[in-house]
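Comments concern the structure below.
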Amino acid sequence: LGDEALGELLRVAGPGSGSKLTSVEVRHGGGALSRAEQGAGALASLPGSFNMFAVGSTMDPAAVAPTRDRLDQLSAALTPFEAGRYMSFCEEPTDFEVAFSAETCDRLRAVKSKHDPDNLFHANQELG
């Protein structure tokens, strides 16, 4: 994580920022995570040198809006450094093309259409 990205993360979610987020994780990427092995599946590698995940716990309804706002601020602050998305870290609806190539999305849609035409198996992120 470069100095500029780290500075943005700390500005929005670090000490003295006013953040009430429960956790902000920065996970090391690169290395084996960035190398796509033949036949490794739809997401054979993760782009970039780090992965970020943040969460806020809301114990009362009044905390939901400020927590979502802080998560949005953090996402916006780190967007200039983004290399892609890891769908398991996306809680809000996200376009699959930010995580998978167009060719992979087409292949996944064909499999979904053939094997699950009634959408029995579904999740937060719909392939569409």
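The values are calculated or read from the model by the stated rules, or taken from the named source; none is laboratory data. What you are looking at is a predicted structure, and each value in this text was computed from that prediction instead of being measured. Here Cβ is always computed from backbone atoms with ideal geometry, including for glycine, and neighbour counts include all displayed protein chains. Ligands, DNA and RNA are stripped out before the accessible areas are found, and what is left, the full protein with its side chains, is counted by its heavy atoms. Shrake-Rupley method; radii C 1.70, N 1.55, O 1.52, S 1.80 Å.
Among the residues making up region 84-128, those that are outside any helix (DSSP H, G or I), open to solvent by less than 70 Å² (accessible area, probe 1.4 Å), out of contact with any Phe, Trp or Tyr (no Cβ under 9 Å at 6 or more places or on another chain) and of a type in the set (A, V, I, L, M, F, W, C) are 90, 100, 123. For region 48-68, the count of residues that are in a helix (DSSP H, G or I), open to solvent by less than 50 Å² (accessible area, probe 1.4 Å) and not basic (Lys, Arg) is nonzero.
Answer yes or no as to whether residue 44 is under 23 Å from residue 90 (Cβ atoms), free of Cβ contacts under 8 Å to residues at least 12 places away in the same chain and within 19 Å of the chain's Cα centre (by Cα). Judged against the criteria, residue 44 is a match.
Kindly establish whether residue 71 is part of a loop (DSSP other than H, G, I, E, B) and crowded, with 16+ Cβ neighbours inside 10 Å.
Considered against the rule, which asks whether it is part of a loop (DSSP other than H, G, I, E, B) and crowded, with 16+ Cβ neighbours inside 10 Å, residue 71 comes out as no.
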